[in-house]
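Engineer: My questions all concern the structure below.
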Amino acid sequence: MSCSIFMLFLALFISTLEQSVSISAGSQRAILRAISNNQDSEKPDFGVELNATNFDTVLKDTPAPYAIVEFFAHWCPACRNYKPHYEKVAKLFNGADASHPGIILMSRVDCALTINSNLCDKFSVKHYPMLLWGPPKKFVGTGWDPKQENSEIRSIENGRTADILLGWINKQLGSSYGFDDGKYENEHLQKNFSDPAQIATAIYDVEEATSTAFGIILDHKMIRSGTRASLIRFLQLLVAHHPSKRCRKGSANILVDFDNLCPSEILSVNNEEADSCSKKGELGNYQICGKEVPRGYWMYCRGSKNDTRGFSCGLWVLLHSLSIRVEDGESNMAFRTTCDFIHNFFICEECRQHFYDMCSSVSNPFKKARDYALWLWRAHNKVNERLMKDEASLGTGDPEFPKVIWPSKQLCPSCYLNPGEKSKENSKIEWNEDEVFKFLVSYYGKELVNLYKEKELQAVGGTEKTVNEELVASTNAVVVPLGAALAIAVASCAFGALACFWRSQQKNRKYKYLHSLKNI
């Protein structure tokens, strides 16, 4: 065997080993979106294919409050005939073009596959096709017995056509969904602005915005010699402080391999662009927030019109969530990193320039995390004030979500020095910035990761200590999955030094591992 063939085999082996660390990463399919994007496929499947390796993970991670699981056998004629009916309903709820995304996860399990035998036995599958309905978390780590009383998992006995199944769903939810519904109907928009718990669903939008931003950078070949360092610093910030665990892991995967994926030597030769640093290169194979993201829709940031809110809202939530997680010693570096990232990679020219002007107006470096978080909050309100006037004159705003000065008195009455006083036109608001900072920390900290914490508790029966682990992990530590999990928790340490140290450690581990294999 030649040396080159041996090294190719070795590289494939290591790649397989690293990928196996993620929970069934290779077998998981994107949640609530069309699974098949193959151009040769005329009818992509919208029912999410599950198996014994990803069943619990997908159902635990879905943001949908309800799930339908169809148990079938691929050899069963009745199942084959039923599939078009099931897919017709699934298309309403799953996929980027769904009319009602995020409401029901419609999934399928092929019981004819040996790998799923035990799983189908756990759910007492005695006939095909069999449909079960319930909250996704109730399917995780358990089974179903038709004789069990008070179970939240129920059998759908009469769902043998698309019309009957959709009618059954409408009866359960008190809804009136129809097959002629257009894309992104908005009867489930969250409009209670005084409810602070609404931000909990934004954890999914932060993941969506992170993935979308990374996709834009690759699609437009924006990694160049002058922007490369800016992206590395932002990845370091995400590794240390992103509120989503899977985005921290995905950012870490990219960061540790970045020198190999996007070498500075290539960019210095061709300053304009490099295919290796774009979607066409190996960098395009990395999912910054894992296989499940992007899902193709928004939840907290969903507008009443298709062209409002969405990515811009999700990006603001991401920036706020980062600002309240950094330590005092990191605050100015986080500020500069955020400003450089928007300046180099935000593709809206006017917005980018406006943000850059606000960054340039800061003359003294930030010494406290509180000061940076409040600066970003003020900057967001300045943007809202500017857009408020433009959208009012042009009629381009979202009628259900007009731009406002934030937070509102209903959401944070203590943030206002005179909360009982009626607002006058052009009157200047007097803020209690101590209360504003407390609100930001609670809203973008504890409330934002609340859904993740609840799902972990419901799935594994955790304790109060487990409830706080996600928030602690996103404020004090870097959690990364390559090889064996390596956790670095260094309080009050600049994220740049922290991430750089971690990268060097990971590379040393990889080189040592390669060397040991060669000596076998």
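The values are calculated or read from the model by the stated rules, or taken from the named source; none is laboratory data. These numbers were taken from a predicted model, which means no experiment stands behind them. Positions of Cβ are generated from backbone atoms using ideal geometry, with glycine treated the same way; all protein chains shown enter the neighbour counts. For accessibility, only protein heavy atoms count, side chains too; no ligands or nucleic acids. Shrake-Rupley method; radii C 1.70, N 1.55, O 1.52, S 1.80 Å.
Engineer: With Cβ to Cβ distances under 11 Å as the rule, what net charge do the other residues near Pro399 carry (K, R +1; D, E -1)? Let's see the in-between values first.
Structural biologist: Values: positive: Lys305; negative: Glu391, Asp398, Glu400.
Residues close to Pro399 contribute a combined charge of -2.
Engineer: Quote the accessible area belonging to Asp357 in square angstrom, nearest 10, computed with a 1.4 Å probe and with ligands, DNA and RNA left uncounted.
Structural biologist: Looks like 80 Å² after rounding.
Engineer: Rounded to the nearest 10 Å², what accessible area does Phe341 show when all protein chains are kept and the probe is 1.4 Å?
Structural biologist: Roll a 1.4 Å probe over it and Phe341 shows about 10 Å².
Engineer: Mind ranking Ser251, Ser393, Ser408 by accessible surface for me, highest first, 1.4 Å probe? Mind showing how you got there, number by number?
Structural biologist: Details: Ser251 0, Ser393 90, Ser408 30 Å².
Ranking Ser251, Ser393, Ser408 by accessible area, largest first, yields Ser393, Ser408, Ser251.
Engineer: Please report the accessible area of Tyr356 (heavy atoms, 1.4 Å probe, ligands and nucleic acids excluded) in Å², nearest 10.
Structural biologist: For Tyr356, solvent-accessible area is about 90 Å².
Engineer: Can you pick out the pairs among Lys137/Lys249; Lys138/Lys446; Lys126/Lys446 whose Cα atoms lie more than 32 Å from each other? Don't skip to the end; give the middle numbers.
Structural biologist: Details: Lys137/Lys249 23 Å; Lys138/Lys446 24 Å; Lys126/Lys446 44 Å.
Lys126/Lys446, as the Cα separations exceed 32 Å there.
Engineer: Same structure again: Measure up Lys245/Lys279; Lys291/Lys389; Lys305/Lys409; Lys368/Lys428; Lys305/Lys438; Lys83/Lys245 against 29 Å on the Cα-Cα distance and list the ones that go over.
Structural biologist: Working: Lys245/Lys279 24 Å; Lys291/Lys389 40 Å; Lys305/Lys409 26 Å; Lys368/Lys428 26 Å; Lys305/Lys438 32 Å; Lys83/Lys245 35 Å.
Distance filter (> 29 Å) returns Lys291/Lys389; Lys305/Lys438; Lys83/Lys245.
Engineer: Put Glu330, Glu49 in order of accessible area, largest first, 1.4 Å probe: what do you get?
Structural biologist: Values: Glu330 5, Glu49 40 Å².
Reading off the accessible areas and sorting them downward yields Glu49, Glu330.
Engineer: Right, something else. Among DSSP bridges having both ends in region 48-173, what percentage is antiparallel? Round to the nearest 5.
Structural biologist: Working: 7 of 17 bridges.
The antiparallel proportion sits near 40 percent.
Engineer: Once the convex hull of the C-alpha atoms of region 289-373 is built, how many Å³ does it hold per residue, rounded to a whole number? Intermediate values should be presented prior to the final figure.
Structural biologist: Working: hull volume 10.5 nm³, N = 85.
So the per-residue hull volume is 123 Å³.
Engineer: Heavy atoms only, probe 1.4 angstrom, no DNA, RNA or ligands counted: give me Leu113, Leu255, Leu411 ranked by accessible area, highest first.
Structural biologist: Leu113, Leu411, Leu255
Engineer: Right, something else. Inverting the mean 1/r over all pairs of different Cα atoms, compute the Kirkwood radius of region 48-173 and quote it in Å. Don't skip to the answer; put the middle values down first.
Structural biologist: Details: mean 1/r = 0.0684 Å⁻¹.
For region 48-173, inverting the mean 1/r across all distinct Cα pairs yields 14.6 Å.
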